[in-house]
1. If I stretch the segment between residue 52 and residue 16 completely, what's the gain in nm (0.36 nm per residue apart, minus their alpha carbon distance), one decimal?
2. In debye, nearest 20, what is the charge dipole magnitude of segment 8-56 about its Cα centre with +1 on Lys and Arg Cβ and -1 on Asp and Glu Cβ, if you could check?
3. Give a residue-ordered list of calculated ³J(HN,Hα) values for segment 3-16 (Karplus: 6.51 cos²θ - 1.76 cosθ + 1.60, θ = phi - 60°; whole Hz; x for Gly, Pro).
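Since every read-out is calculated from the coordinates, none of them should be taken as a lab result. In this text, all values refer to a predicted model and were calculated from it rather than measured experimentally. In this analysis, Cβ positions are derived from the backbone assuming ideal geometry, glycine residues included, and neighbour counts consider all displayed protein chains.
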Amino acid sequence: MTTRLPRLLTTAAVAEWLGYSTRHVTRLARSGDLPARVVGGQFRFREDHLLAWLERQPTPTVEVRDEPVRLKGSLRPLGAVEL
C-alpha cells in the first residue's frame, strides 16, 4: 500500500496563487492566520489546508446601487495637460 504525501507549496507559489505578495503571505503564516509549517527554516503550505482555509474565508459583499455614481471633478485623458 502506497501512502500519498500531501502537496507542499512554497511561499512564492502561495503568493502567486492567492494574488498576494510573498511578504504578505509570510506575515499571515507567522501570525497563524494562514496554515503553514516550517520545513528547513522556510514556510511550507499544504495545498489541502489552504483549500480548506479559503472555504472558511468570508465572501466579500458588493453594494449594488440603483443610480449611477457621480464623479467629482473633470475627467481628462491620461497624460493630458491643462494649458
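1. Numbers: separation 36, 0.36 × 36 = 12.96 nm, distance 1.78 nm.
Separation in residues times 0.36 nm, less the Cα-Cα distance, equals 11.2 nm.
2. Details: 7 positive and 5 negative charges, 50 e Å.
Dipole magnitude for segment 8-56 comes out near 240 debye.
3. 9, 8, 7, x, 6, 9, 10, 7, 4, 5, 5, 5, 4, 5
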